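Contents: one structure, followed by commentary.
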Amino acid sequence: MFIKVQHGRGPADVDFCSITVDEGLDDDILQQRIHSIARQREELQQLETELRAQVIARSEIMEMQSRFHAQIQEHEDAAAKLQVWIFFYLWGLCFLLPLCKLS
């Protein structure tokens, strides 16, 4: 069975469709083709869903990495300031301790 579908425009701008039927193919073969195409469509839809999920996951991971890098930089800055504070605190103690012994 061979089906040919043609779409066109008539003189009155009305859509029409003509179908030519070839009786050479039986219904079983057509049903198998329909089933095969439906299965392929389902596989493509599943693939599309998986790819969309990967895109969403990738963008969320990149956003998380960016936030973590910012937090790491903040912690490094805070640690550096604390080291400077500790240095001057200990430096001050070194000068105060000898004075305390004199009293």
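Around GLU60, what is the net charge, scoring Lys/Arg as +1 and Asp/Glu as -1 over all other residues with Cβ under 14 Å from its Cβ? With Lys, Arg at +1 and Asp, Glu at -1, the net is +2. Net charge in the neighbourhood of ALA70 (other residues with Cβ under 15 Å of its Cβ; Lys, Arg +1, Asp, Glu -1) is -3. Summing +1 for each Lys or Arg and -1 for each Asp or Glu among the other residues whose beta-carbon sits under 14 angstrom from that of HIS35 gives -1.
Just so you know, all these numbers are worked out from the coordinates, no wet-lab data involved. Just so we're clear, the structure is a prediction, and the values are computed from it rather than from any experiment. Ideal geometry is used to build each Cβ from the backbone, glycine not excepted, and the neighbour counts take in all protein chains shown.
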